[in-house]
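What follows is a short report on a single structure.
Read-outs throughout are calculated quantities, based only on the coordinates presented, and are distinct from any laboratory measurement. What you are looking at is a predicted structure, and each value in this text was computed from that prediction instead of being measured. As a convention, Cβ positions derive from the backbone with ideal geometry for all residues, glycine included, and neighbour counts pool all protein chains shown.
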Amino acid sequence: MVGAKVAITSSRPQTTRHAVRGLVNRADSQLIVVDTPGLHRPRTLLGERLNDLVRSTWAEVDVIGVCLPCDQRVGPGDRYLVGEIAALRRRPVVAVATKTDLVQPGRIAEHLSAVAELGERAGVAWDEVVPVSATTGDNVDLLSDLLAARLPSGPMLYPEGDLTDEPEETLVAELIREAALEGVRDELPHSIAVVIEEMVPRADRAPDRPLMDVRARVFVERESQKGIVIGHRGERLKQIGSQSRAQIERILGTPVYLDLHVKVAKDWQRDPRQLRRLGF
């Protein structure tokens with residue numbers, strides 16, 4: 001909907017850890033689309049804080065969109081989420097059946113029926129149920145139209161050319177974390193956090209040959225995880241750097257020197273002091 005990458009993705013649940021705002025500038029309106037962490041049953045202090053963030057975001061928005069992928073069956077997590085939304089009042093709720101490009105038409109129809117039943121059982125009256133594909137663009141404009149029609153009148157909240165209000169340091173840290181998530185398993189994805197320690201232009205470079213120095217620290221919770229992230233002879237860390245640097249250069253519009261280090265912050269997801277240090 002935004003037209004550019006402003007939020008990271010992965011196949012792992014709980015990838016999103018803060019509210020990411022994407023700005024959709026239309027001829028008739030400006031949509032502020034807020035991607036939140038997924039509401040879930042928390043097992044750590046971090047999980048509790050992410051749930052608090054979701055609920056506080058619900059209180060601020062005009063419309064709630066629930067993404068329900070067509071290539072997955074409606075499950076307990078979906079029922080838990082929609083049950084929580086049912087407790088909200090006077091808030092339009094749109095069901096978005098995503099990833100229609102991954103399944104056959106018959107499966108889409110079956111999924112839409114399951115989504116309708118999910119709403120009925122939870123006591124949520126869907127304002128709309130919209131099947132979409134972000135890959136092909138199918139119905140993405142329609143979804144934008146339906147959301148815009150439910151917004152109250154008011155002034156634009158952001159300059160027209162902006163695509164997000166994310167600080168560049170946050171975007172860079174998230175791109176590094178996205179690269180670090182690729183190919184890891186078990187509990188490790190939840191244990192990875194990234195902090196940008198420095199991001200400055202190289203002072204001795206000519207104006208026509210700029211270079212951005214980015215120094216980042218990748219945090220994990222145990223020594224064994226540190227070894228996994230670094231890999232044999234540092235190969236895994238080099239791959240993370242190479243993959244994320246290309247994305248960072250695209251966003252910043254300048255060549256980047258990326259310096260990555262891995263550090264253990266024992267059980268940081270459960271430690272209030274370390275959570276504050278890592279920005280949660």
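Of all the options Q239, Q104, Q269, the one that moves most in a Gaussian network model of the chain with Cα springs shorter than 10 angstrom is Q104.
Run lengths n ≥ 4 of DSSP H only: what is the helix-derived mean residue ellipticity at 222 nm for the chain, with -39500 (n - 2.57) per run over all residues, to the nearest 500? Provide the component values of the computation, followed by the final result.
Values: 9 runs with 102 residues, N = 280.
So the calculated ellipticity at 222 nm is -11000 deg cm²/dmol.
Return a whole-number percent for the relative contact order of the chain, with Cα pairs under 8 Å and 6 or more residues apart as the contact set.
Values: 429 pairs, mean separation 46.6, N = 280.
After rounding, I find 17 percent.
Counting only DSSP beta bridges with both residues in the range 168-277, tell me the antiparallel percent, nearest 5. Show your work: numbers first, answer last.
Values: 8 of 17 bridges.
Counting DSSP beta bridges with both partners in the range 168-277, the antiparallel share is about 45 percent.
For the range 168-277, the percent of C-alpha pairs falling in each 10 Å distance bin, counted from 0 to the bin holding the largest distance, reads 14, 45, 29, 10, 1. Extension gain for the segment T44 to A125, taken as residue separation times 0.36 nm less the Cα-Cα distance, is 25.9 nm to one decimal. Placing R0 at 22 angstrom, the Cβ-Cβ distance between D162 and A86 gives a FRET efficiency of 0.05 after rounding to 0.05. Model label sites at K266 and R55, defined 7 Å from Cα along the beta-carbon direction, differ in position by 3.2 nm.
Take every DSSP beta bridge with both residues inside the chain and express the antiparallel ones as a percent of the total, to the nearest 5. Around 45 percent antiparallel, to the nearest 5.
Loop-located trypsin sites (Lys or Arg not before Pro) in the range 33-67 (DSSP state other than H, G, I, E, B) with a sparse environment of at most 12 neighbouring Cβ atoms within 10 Å: R43. Of the GluC sites (Glu not before Pro) found in the range 93-184, the ones in coil according to DSSP and having at most 13 other Cβ atoms within 10 Å of their Cβ are E160. Could you work out how far helix 105-122 tilts from the main Cα principal axis of the chain, as a 0 to 90 degree angle to the nearest 10? Relative to the chain, helix 105-122 is tipped by roughly 80 degrees. With the cut-off at 19 Å, tell me which of the pairs K238/K263; K226/K266; K5/K263 have Cα atoms farther apart than that. With Cα atoms farther than 19 Å apart: K5/K263.
Within a Cβ distance under 15 Å of L118, other residues only, what is the Lys/Arg minus Asp/Glu net charge?
Details: positive: R73, R79, R121; negative: D78, E84, E110, E117, E120, D127, E128.
Counting the neighbours of L118, the net charge comes to -4.
Over the chain, with a Gaussian network built from C-alpha contacts below 10 Å, which listed residue (D208, D71, D165) shows the highest mean-square fluctuation? The residue with the greatest mean-square fluctuation here is D208. Beta bridges assigned by DSSP with both partners in the range 20-148 are antiparallel in approximately 45 percent of cases. Normalised by the number of residues in the range 32-136, the mean separation of alpha-carbon contacts (under 8 Å, six or more apart) gives a relative contact order of 27 percent.
Close amide H contacts of G65 (hydrogens built in the peptide plane, cut-off under 5 Å, sequence separation of 5 or more or a different chain): V94.
Put in order of Cβ neighbour count within 10 Å, fewest first, the listed residues V24, V194 become V24, V194. Can you pull out the trypsin sites (Lys or Arg not before Pro) in the range 165-234 whose DSSP state is coil and whose Cβ has at most 10 other Cβ atoms within 10 Å? The qualifying sites are R185.
Please grab the % of Cα pairs in the chain that end up more than 24 Å from each other. Provide the component values of the computation, followed by the final result.
Working: 22282 of 39060 pairs.
Pairs farther apart than 24 Å: 57 percent.
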